[in-house]
Amino acid sequence: MPNEIPPEAFAEYEALAEKVDTFQVRVRERYPGQIECRAGCSECCRKIPRLILSPVEAFYLREQLRQLPPEEQARLREASRTAMPPCPILTNDACLLHRNRPMLCRTYGYPTVSPQLLRIGQPGLTYCYKNFTGLTGPSALDQDCIINVDRATEELWEVNRRFVAERWGAVFDRRMAFTVQEVLQGTLDDWSPGKGRQGTVSRPNR
């Protein structure tokens, strides 16, 4: 297969994803009945205007995409020709590639804090308005049930630096990013750092 990535190349990213998943379990156990994020609730998938993935996230998502039947891959490729929202992977109110979903989708809706935003006077703590409706407010949340999104993002950049260096011998640049539509349309098959996008990727129709 073009631009093949061995499974072991994703080990570090999978470890980071597992940390986030463990965080989610802790929040659910600490605040039972306070998290509405579940299969069938697709409001965030229907509102996010764009979904941008780093290289390791994009190639990891492609791994699960390739495991789908050819006709399902073709259906998603066709769905990706329409502009978001909703996310083209959304199928019957569920993410068809949920297991390999990117970090934004893993953290969305759960309590996150951005010290960078706090420093400039912006709201730093966010979570879905459907969650924690039985609490008195953000101050009622335990600190280990709030994820530092700035730190998590920096960890993701570090994973990408090693991923890009080991796979292509190149220096990771944050401009190395892909839309979910590009993943579905096969852009990754011909991509390499410095080479840019190859082939023709259809622009979403509005």
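Taking the conditions (1) over 20 Å from Val180 (Cα atoms); (2) more than 19 Å from the chain's Cα centre (by Cα); (3) surrounded by fewer than 18 Cβ atoms within 10 Å (Cβ to Cβ); (4) in contact (Cβ under 8 Å) with a residue 40 or more places away in the chain in turn, Arg81 satisfies each one other than (1).
Restricting the first member to the range 6-26 and to residues that are more than 16 Å from Leu61 (Cβ to Cβ), and the second to residues that are not in a helix (DSSP H, G or I) and not aliphatic (A, V, I, L, M), the beta-carbon pairs closer than 7 Å and six or more apart or on different chains are Gln24/Tyr110. It is to be established whether one or more residues within the range 22-29 are surrounded by 15 or more Cβ atoms within 10 Å (Cβ to Cβ), at pLDDT 95 or above and closer than 30 Å to Lys195 by Cβ. No, the range 22-29 contains no residue that is surrounded by 15 or more Cβ atoms within 10 Å (Cβ to Cβ), at pLDDT 95 or above and closer than 30 Å to Lys195 by Cβ.
Highlighted here are the helices (runs of 4 or more DSSP H) found entirely within the range 92-185 that include at least 3 residues which are without any contact (Cβ under 8 Å) to a residue 60 or more places away in the chain and under 22 Å from Ala15 (Cα atoms): 149-168. What do you reckon, is Val56 more than 30 Å from Ala140 (Cβ to Cβ), touching a residue at least 24 places away in the same chain (Cβ under 8 Å) and among the β-branched types (Val, Ile, Thr)? Taking the combined requirement at face value, the residue satisfies it.
For the range 1-13, a tally of residues being crowded, with 16+ Cβ neighbours inside 10 Å, at pLDDT 95 or above and not hydroxyl-bearing (Ser, Thr, Tyr) returns 3.
Out of Phe59, Phe132, which single residue is of a type in the set (Phe, Trp, Tyr) and within 30 Å of Ser192 (Cα to Cα)? Matching residue, one of Phe59, Phe132: Phe59.
The values are calculated or read from the model by the stated rules, or taken from the named source; none is laboratory data. Source: prediction; values computed, not measured. Virtual Cβ from ideal backbone geometry, glycine too; neighbours counted across all protein chains shown.
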